[in-house]
């Protein structure tokens, strides 16, 4: 667990902020946590969250192929995963301006 997740979930500090831990984004449980505990952020980027969650679950099934692809198919899958993460993060930043919810 990340320190920021602990502080918000256990210590109830700054629950008004949405903090996204990029290191945990490669875990499906964390993506699902973000979706559940930040419904406005999820709603504003629902397609991107759903697409990324699919890619994260594929990543979890075969991390080695994504981290060190050895053939064209694995390189394509790895790039698709990375692009989905980038698209999600960009969508969150663009669709949740400071006037809507602090990021």
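The values are calculated or read from the model by the stated rules, or taken from the named source; none is laboratory data. A quick note: this is a predicted structure, and the numbers were derived from the prediction, not measured. Heads up, the Cβs are rebuilt from the backbone with ideal geometry, glycines too, and the neighbour counts pull from every protein chain shown.
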Quiz item: Of the numbered conditions (1) free of Cβ contacts under 8 Å to residues at least 60 places away in the same chain; (2) closer than 17 Å to residue 2 by Cβ; (3) touching a helix residue (DSSP H, G or I) at 6+ places or on another chain (Cβ under 6 Å); (4) not in a helix (DSSP H, G or I), residue 18 satisfies every one except a single condition; which is it?
Solution: (1)
Practice problem: Could you grab me the full set of residues in region 22-72 that are modelled with pLDDT of 95 or more, under 16 Å from residue 87 (Cα atoms) and either touching a strand residue (DSSP E or B) at 6+ places or on another chain (Cβ under 9 Å) or part of a loop (DSSP other than H, G, I, E, B) (or both)? | Solution: 45
Quiz item: Taking region 38-70, which residues are more than 14 Å from the chain's Cα centre (by Cα) and touching a residue at least 24 places away in the same chain (Cβ under 8 Å)?
Solution: 40
